[in-house]
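**Student:** Got a structure for you, questions after.
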Amino acid sequence: MIERLRIRDLGVIAEADVELGPGLVALTGETGAGKTMITTALGLLLGQRADPAAIRSGAGKASVDAEIVIPPDADLQAVLDETGADVDDNLLTISRVVANRRSRGYLGGRPVPASTLQSVGSHLVAVHGQHDQQRLNDAGRRRDLLDRFCGAALVDALARYRAAFARWQLAKKTLVDTERAIREGARESEMLRIQREEIERVDPQPGEEVDLRNEEMRLAHSVDLRQAAERAHDLIAGAAESPDAGAGVQLGHAEQVVAAQAGHDEDLAAILTALTEARVMAEEAASDLAGYASRVEADPLRLQVVQQRRSELGTLFRKYGSDSSEVLEFSRQAAEKLDLAESGGERLEQLRADLDAAASRAGSAAAAVRDLRVAGARELELAVQSELTGLAMTGAALTFELGCVPDPDGLLVDALPNAVRATADGVDTVDILLRPHPGSPARPVGVGASGGEMSRVMLALEVVLARTTPVPVFVFDEVDAGVGGKAAVEVGRRLARLARHAQVLVVTHLPQVAAFADQHLTVEKRSDGQVTATSVTRLDDSGRVRELSRMLAGIEDSDSAAAHAGELVDLGRKEREGTPR
């Protein structure tokens, strides 16, 4: 639940610091007092678009932050872990700062984009406004609403269907790709055979071009290489005409001179060791150079063979790949295409059988999902109708009508006569029809119903769905618009019952609704003639009576209104005490 909400310089609110409790929280106040800024503030925390025009006049920026007790939710925790948000004893702080040019969001002290706030908010708060029924114009949301009610059984069935659907889609793609490959292979088969024969004739070996390049360099420069090795050998070991001139011999003489005195000084002894190592290394280098010079021979015939081989490989590299590995891969793919072109009929027959089997499994899984949705729709209709009766809409009926979109290339489902279009969510379309009263035709929800009727329909749906909704906070922004009298009392009663499962914040003009609140906040606008500001105040029992009196009669000191307000407060108390949370 939301434990604390702080607002600064948003709209007409200069500063507000509100502690919220569990249960039903009512926000009331005169029209234009700034109640909407409360829901605007919550919207900012939930990642809604930030409008710089909402910044209080004269302020450079607006800020909102809330402390929310988070529920155990693996998906929510994954988002928090990814962002590195700091959560202290299940208490999460969410903040939003709106400036003239940009806004910044913070989650547990870490800066995050608005999209992350939206992701986190979807796990924490559900907001419903006066025109919230417009959500039901979206086909996907209608289906999601029904799926929420169907619960875990549908989640499992939908997971099985999606796995089968993915296999069906893969089977279709594999068949299409193979048919295309066979057609291309048939057109290219003669060229592919010529290309494979050319590669097989040259028979390139992996990495061969590197060895050949090195060998060609050595053969082409054999004379220079041998002369360099011999000259270096003479410089180290000494030439035949001057054997004492070699570097190795001179190192040996230096070693003897130093050795004669090394016993008298440790530093000179260390130098002697270095001289010895240098002499040994020089002798080894001289030996290696002599061996290398003896091996290097000019071989014009071998050089010609190497150059011819490199030329053959170069021809392949220009046509089929940059090196022997790519050429061999090209040859392998060509062989596969030829094989597919020659045995394509059998392959296609098998793939078509695989596709039929995958389609059958997906169709059966889709039928299982549909059966659960049909059963859930009937159960949801009865539950909502019961709530509508309690909300003074006796005889009203809400119907969930399942349909589908025909598609000759789609799935065959046992419960349906023809193939239908399938998506990852199944084959079902969901329409919601409302019959406001007996004798009236059933029409798509939102068509032909009054605002008050639609408010009660949305409330009835939320009350029924509350037990299947993991969101711990509901916000209702004047969903009771157009409702009065007995229906208003029942709206308040339903909100109170919903508040047994979650924290519920309601912005209302109806005293019958506010009377059921566990906590009553009033939003008041004050002006000194120059500056207008709004404050948010938590009301005690006497303050509640005065506020309800104002809402009932338009005046706070009416005895009759106060008496009526007292009755409403008693009614709300009895409802709260009648069934423990």
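The values are calculated or read from the model by the stated rules, or taken from the named source; none is laboratory data. Everything numeric in this text was worked out from a predicted model, so none of it was measured. Methodologically, a virtual Cβ is constructed for each residue, glycine included, from the backbone with ideal geometry; neighbour enumeration extends over all protein chains shown.
**Student:** Is there any pair with a first residue in the stretch 344-361 that is acidic (Asp, Glu) and a second that is at pLDDT 90 or above whose Cβ atoms are under 7 Å apart and which are 6 or more apart or on different chains, and what are they?
**Tutor:** Correct list of pairs: Asp354/Ala171.
**Student:** Ok, one more. Out of Thr36, Thr40, Thr31, report the one residue that is in a loop (DSSP other than H, G, I, E, B) and among the β-branched types (Val, Ile, Thr).
**Tutor:** Of Thr36, Thr40, Thr31, the one residue that is in a loop (DSSP other than H, G, I, E, B) and among the β-branched types (Val, Ile, Thr) is Thr31.
**Student:** Still on this structure: Out of the residues in the stretch 285-311 that are among the aliphatic types (A, V, I, L, M) and not in a helix (DSSP H, G or I), which is surrounded by the fewest Cβ atoms within 10 Å (Cβ to Cβ)?
**Tutor:** If we take residues in the stretch 285-311 being among the aliphatic types (A, V, I, L, M) and not in a helix (DSSP H, G or I), then Ala298 is surrounded by the fewest Cβ atoms within 10 Å (Cβ to Cβ).
**Student:** Inspect all residues belonging to the stretch 138-145 and state whether any of them is part of a helix (DSSP H, G or I), at pLDDT 90 or above and not aliphatic (A, V, I, L, M).
**Tutor:** So far as the stretch 138-145 goes, yes, one or more of its residues are part of a helix (DSSP H, G or I), at pLDDT 90 or above and not aliphatic (A, V, I, L, M).
**Student:** What pairs come up if the first residue lies in the stretch 407-425 and is within 17 Å of Lys173 (Cα to Cα), the second is surrounded by 13 or more Cβ atoms within 10 Å (Cβ to Cβ) and of a type in the set (Phe, Trp, Tyr), and their beta carbons are under 7 Å apart, counting only those six or more places apart or on different chains?
**Tutor:** Within 7 Å, the pairs are Ala422/Phe165; Ala424/Phe165.
**Student:** Same structure, new question: Would a scan of the stretch 211-219 turn up a residue that is in the same structural domain as Glu297 (by TED's automatic domain parsing), more than 60 Å from the chain's Cα centre (by Cα) and of a type outside the set (Gly, Ala, Ser)?
**Tutor:** Yes, the stretch 211-219 contains a residue that is in the same structural domain as Glu297 (by TED's automatic domain parsing), more than 60 Å from the chain's Cα centre (by Cα) and of a type outside the set (Gly, Ala, Ser).
**Student:** Scan Ala368, Ala357 and give me the residue that is modelled with pLDDT of 90 or more, exposed (fewer than 14 other Cβ atoms within 10 Å of the Cβ) and hydrophobic (A, V, I, L, M, F, W, C).
**Tutor:** Ala357
**Student:** Tell me, please, whether a residue that is of a type outside the set (S, T, N, Q), closer than 29 Å to Thr423 by Cβ and outside any loop (DSSP other than H, G, I, E, B) can be found in the stretch 101-115.
**Tutor:** Yes.
Residue-by-condition table, conditions (1) touching a residue at least 24 places away in the same chain (Cβ under 8 Å); (2) under 28 Å from the mean Cα position of the chain (by Cα); (3) not assigned by TED's automatic domain parsing to the domain that holds Ile7:
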site	(1), (2), (3)
Gly23	yes, no, no
Ala26	yes, no, no
Thr36	yes, no, no
Arg56	yes, no, no
Pro72	no, yes, no
Asn90	no, yes, no
Ser95	yes, yes, no
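**Student:** Taking the stretch 47-78, which residues are outside any helix (DSSP H, G or I) and among the hydrophobic types (A, V, I, L, M, F, W, C)?
**Tutor:** Ala50, Ile55, Ala59, Ala62, Val64, Ala66, Ile68, Val69, Ile70
**Student:** Tell me whether the stretch 312-331 contains one or more residues that are surrounded by 13 or more Cβ atoms within 10 Å (Cβ to Cβ) and under 30 Å from Arg226 (Cα atoms).
**Tutor:** The answer is yes, given that some residue of the stretch 312-331 is surrounded by 13 or more Cβ atoms within 10 Å (Cβ to Cβ) and under 30 Å from Arg226 (Cα atoms).
**Student:** Among the residues of the stretch 531-562 satisfying the criterion of being modelled with pLDDT of 85 or more and among the small types (Gly, Ala, Ser), which is nearest to Ile55 (Cα to Cα)?
**Tutor:** Checked the stretch 531-562; the qualifying residue nearest to Ile55 (Cα to Cα) is Gly543.
**Student:** Tally up the residues in the stretch 193-235 that are outside any helix (DSSP H, G or I), small (Gly, Ala, Ser) and in contact with a Leu (Cβ under 8 Å, 6 or more places away or on another chain), please.
**Tutor:** Result for the stretch 193-235: 0.
**Student:** Another one. Only one residue in Ala245, Ala274, Ala270, Ala282 is touching a Gly at 6+ places or on another chain (Cβ under 8 Å) and loosely packed, with under 14 Cβ neighbours inside 10 Å. Which one?
**Tutor:** Testing whether each residue is touching a Gly at 6+ places or on another chain (Cβ under 8 Å) and loosely packed, with under 14 Cβ neighbours inside 10 Å leaves just Ala245.
**Student:** Among the numbered criteria (1) of a type outside the set (A, V, I, L, M, F, W, C); (2) touching a Lys or Arg at 6+ places or on another chain (Cβ under 6 Å); (3) more than 24 Å from Gln77 (Cβ to Cβ), which single criterion is violated by Gly105?
**Tutor:** So the condition that Gly105 fails would be (3).
**Student:** What residue, among those in the stretch 194-212 that are charged (D, E, K, R) and surrounded by fewer than 13 Cβ atoms within 10 Å (Cβ to Cβ), is farthest from Gly314 (Cα to Cα)?
**Tutor:** Step by step, filter the stretch 194-212, then rank; the result is Glu197.
**Student:** Continuing with this model, one more query. Looking only at residues that are β-branched (Val, Ile, Thr) and touching a Lys or Arg at 6+ places or on another chain (Cβ under 9 Å) in the stretch 143-193, which one is surrounded by the fewest Cβ atoms within 10 Å (Cβ to Cβ)?
**Tutor:** Thr178
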